[in-house]
Amino acid sequence: MRLILLGAPGAGKGTQAEILSRLLNVPTISTGNILRAAMKNGTPVGLQAKAYVESGKLVPDDVIIGIIEERLQEDDCKNGYVLDGFPRTLAQAKALSGFAKIDGALSIEVSDSEIEHRMEGRRICSKCQATYHVEDNPPKVEGICDKCGGQLVIRKDDIHDVVENRLHIYHEETEPVKEYYRQEGLLLAVRGQKKLADTTQLVFDALGISL
Ligand code: AMP
């Protein structure tokens, strides 16, 4: 299955993408994770992306489209993939249609006030990028990743003003992408729930997955 997860930053796309990946045995391709890894490693793409990512702005379309087009050609994508964080603009969605055949675009709908609560409490593992929330999904030991023992940090783009900026950009640039997939007959939507497992159940129902 070649699936796109849509939704505001902090809606839970990354978490649901990982769950679906394991279940469907296909990779999650997260543009945010690719960019953060490139920034950490100081690659040319990372250097180019840094100022955009840290201020909550979108990285230019040509950079992101190039990354995804190349990534989807890798062997592990042969049986499908889950895209997390791409496409985020109409130009990206149209470009993707030129080099990939998508089976569905699933939107996770969450209100702006809930997004603010989620992002401002989000912590991310500096080593393996696993995500936690100080109240809703805390690690067993404060500040330490359950999975790899790495240190949990606050993403620079999860601070209040940057969150506001990212939400504004989401409404302006990314919401039209939903309409694009609606017109293609590929859009599915679920309402994000407080409990992760409840959202997962709705995602499975929407995709016709029964365990
Ligand atoms: P995310 O982890 O998906 O919230 O992405 C973090 C940041 O990476 C975003 O705020 C953007 O600066 C950048 N980014 C990720 N995906 C894209 C994309 N598809 N287009 C442009 N910028 C992106």
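What number of residues within segment 40-56 satisfy the criterion of being of a type outside the set (Asp, Glu) and within 25 Å of Val134 (Cα to Cα)? Outline the logic, then answer.
First, pick out the residues of segment 40-56 that are of a type outside the set (Asp, Glu): 40-53, 55-56.
From what's left, within 25 Å of Val134 (Cα to Cα): 40, 53, 55-56.
So the answer is 4.
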* To do: Among the candidates Leu152, Leu187, single out the residue that is within 19 Å of His117 (Cβ to Cβ), touching a Ser or Thr at 6+ places or on another chain (Cβ under 9 Å) and at pLDDT 95 or above.
  => Leu152
* Structure fact -> If we keep only residues of segment 10-57 that are touching an Asp or Glu at 6+ places or on another chain (Cβ under 6 Å) and outside any helix (DSSP H, G or I), then the residue farthest from the ligand (Cβ to nearest atom) is Pro27
* Consider only pairs whose beta carbons are under 9 Å apart and that are at least six residues apart or on different chains; among these, list those whose first residue lies in segment 60-87 and is touching a residue at least 40 places away in the same chain (Cβ under 8 Å) and whose second residue is of a type in the set (S, T, N, Q) and assigned to a loop (DSSP other than H, G, I, E, B). => Asn79/Asn25; Gly80/Asn25
* So which residues in segment 62-100 are part of a helix (DSSP H, G or I) and within 7 Å of the ligand (Cβ to nearest atom)? -> Ile64, Gln92
* Asked: Which residues, taken from segment 147-163, are surrounded by 15 or more Cβ atoms within 10 Å (Cβ to Cβ) and over 16 Å from the mean Cα position of the chain (by Cα)?
  -> Gly150, Leu152, Val162
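The values are calculated or read from the model by the stated rules, or taken from the named source; none is laboratory data. If you're wondering where the values come from, they're calculated on a predicted model, not measured in any experiment. Here the Cβ is made from the backbone with ideal geometry for all residues, glycine too, and neighbour counts use every protein chain on show.
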